[in-house]
Amino acid sequence: MTHTLFSQRFKNISPNKKIQALCKKSADLLRKKIKASELAAIEIISSNRDLKEFENFAKKISDYKKILILGVGGSSLGGKTLSALKSQEKVEFIESIDPATLQNCLSKLDFKNTFFLVISKSGETIETICQTLILLDELQRQKIKNFAKQFLFVTESEKNSLAKIAKKIGAEITPHSDKIGGRYSCFSIVGLLPAMLVGLDAKKIRGGAKKVLQDFLSGEEISNSCAIQLTAFEQGFNSNVVMPYIDQLKNFTDWYRQLWAESLGKNGFGSTPINSMGTVDQHSQLQLYLDGPKDKFFTFITAKKHRQDFEIKDLVGCETLFGGKKLSEIVGVEQETTIEVLNQKNLPIRIFETVKFDEEVLGGLMMQMFLETILIAYVKGINPFDQPAVELRKNLAKKLLKN
């Protein structure tokens, strides 16, 4: 690993040589496709020309008090993951169509001073269409004039349902690349516009992704990581636990869960992604991890430095273990001991460690997961970019709605 964004190390697992050879072969195929510009989700980071347009749009709507982003799955998780780097309340994502959740959100809105960013690659996402229609009804009920200027629709076609709605009300439509699937869209307008709306540097996000990509194009580190994960799977470790000790990565675990599950869960293959957060889930899941089935591969993500810190003062004279220590030291001890007790159980562990956590590191981590997921799919003869089984459910839902 030649970049300095983060380091990676493994415990209790080494790659099977046969699997390692298959991963190297698939890595060569992936490099060939990337160099031939065949993978749009990766090719998009090669130029930042589009960022000026995103920046101008972000400035254009900066006076709105609230920005509500409608979308679900790949249309929201990338943007949510990136936006979590900045603590703010102006930009909010609405994914659920639970009536109580939606009502709670809408009851707090100042509709005149809210901008609505509607994202759906297909333009046929049931949840997003329903949310949009409910919003339009409320805007009309409140007799808000010229509300079309309060919308931007991001979708791949001008003929789908959301595009038709946008045209009907006279709202702006901007294209979602038809070559980039939702779960791989975080480096496009889908992920970067929300990131820019909260004040993040999109160039740094792509810059981190470029560093990891260049590392892959010139080395074997990622193919070795994939070989280790596939070896663990072959040994019966068919659950994939991702446990960051950085709260800003909570949405990252949701994003990764979709990436891993939808890309690889095919033809009887797949491992189950499990979200876990340190230190909180030490108090809810660690018992299972230590004393339950030995079927889990663990990935920890840690930071040496935290943006903020607290010194703990023993003001009441109780002589606790914590007086005089910094909160970051406590986090460090918690993560170190969690890793060590799992290590003592001889469970397969991977540790990502970064000196600091910022846009560049997050962009790099997301590209790392892109490349690992795609490469493993190639090794197993799986298409990482479709989700055919999910389409069955979508078609059935539409059939029931028609009837």
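Miscellaneous remarks
- Projected-area mean, segment 254-403, by convex hull of Cα positions, square nanometres: 14.0
- With an a/c value of 1.5 or above and a/b not larger than b/c for the gyration tensor axes a ≥ b ≥ c computed over the alpha-carbon atoms, segment 291-336 is described as oblate.
- DSSP beta bridge pairing in the chain, given as percent antiparallel to the nearest 5: 15
- Amide hydrogen neighbours beyond the local backbone of VAL91, cut-off 5 Å, H modeled: ILE67
- Global geometry of segment 157-209, whether rounded, prolate or oblate, following the gyration tensor of its Cα atoms and the 1.5 cut on a/c: oblate
- The angle between the Cα long axis of helix 221-234 and the main principal axis of the chain comes to about 80°, on a 0 to 90 degree scale.
- Degrees, to the nearest 10: 51-60 long Cα axis against longest axis of the chain: 60
- For segment 180-264, fraction of C-alpha pairs farther apart than 16 Å, in %: 68
- Counting only lysines at least 8 places from LYS304 when in the same chain, those with an alpha carbon closer than 16 Å to its own are LYS325, LYS326, LYS356.
- Estimated FRET transfer efficiency when R0 is 41 angstrom, pair THR337-LYS33 (beta carbons, to 0.05): 0.45
- Using C-alpha pairs under 8 Å with a sequence gap of at least 6, the mean separation divided by the residue count of segment 126-252 gives a relative contact order of 13 percent.
- Per-residue ellipticity at 222 nm computed for the chain from its helices equals -14500 deg cm²/dmol, with DSSP H segments shorter than 4 residues left out and the rest contributing -39,500 (n - 2.57).
- Euclidean distance of C-alpha centroids, segment 145-208 and segment 386-403, integer Å: 24
- Taking one quarter of the surface of the C-alpha convex hull of segment 271-354 gives a mean projected area of 6.9 nm².
- The orientation-averaged projection of the convex hull spanning the C-alpha atoms of segment 103-261 amounts to 12.6 square nanometres.
- Furthest towards positive pole of dipole, ILE382, GLY268, SER83, structure part the chain, Cβ charges: ILE382
- Residues whose placed amide H lies under 5 Å from that of THR272, excluding near-sequence neighbours: SER239, ASN240
- Spatially proximal lysines relative to LYS159 (Cα-Cα < 18 Å; intrachain offsets below 8 disregarded): LYS121, LYS167, LYS168, LYS179, LYS398
- ³J(HN,Hα) computed for each position of segment 249-255 - Karplus, 6.51 cos²θ - 1.76 cosθ + 1.60, integer Hz, glycine/proline x: 9, 4, 5, 4, 5, 5, 4
- Listed residue (ILE69, ILE165, LEU197) projecting farthest to the positive dipole end of the chain, Cβ model: ILE165
- Computed lengthening from LEU290 to LYS86, 0.36 nm per intervening residue step minus Cα-Cα distance: 70.0 nm
- Each residue of segment 258-271 was assigned a 3J(HN,Hα) from its phi angle through the Karplus curve 6.51 cos²θ - 1.76 cosθ + 1.60 (θ = phi - 60°); the sequence is 5, 3, 5, 5, 6, 7, 10, x, 9, 6, x, 9, x, 10 Hz, with glycine and proline shown as x.
- ³J(HN,Hα) computed for each position of segment 144-158 - Karplus, 6.51 cos²θ - 1.76 cosθ + 1.60, integer Hz, glycine/proline x: 7, 8, 6, 6, 4, 5, 8, 10, 9, 9, 10, 7, 8, 9, 9
- The charge dipole of the chain, taken about the Cα centre with unit charges on the Cβ atoms of Lys, Arg (+1) and Asp, Glu (-1), comes to about 1180 debye, rounded to the nearest 20.
- Distance (nanometres) between label positions extended 7 Å along Cα→Cβ at GLU234 and CYS105: 4.5
- Each Lys and Arg contributes +1 and each Asp and Glu -1, all at the Cβ; summed about the Cα centre of segment 277-403, the dipole is approximately 840 debye.
Read-outs: derived from the displayed coordinates by stated rules, not from any lab. Quick caveat: nothing in here was measured; it's all calculated off a predicted structure. No Cβ is skipped: glycine too gets one built from the backbone with ideal geometry, and neighbour counts run over all protein chains shown.
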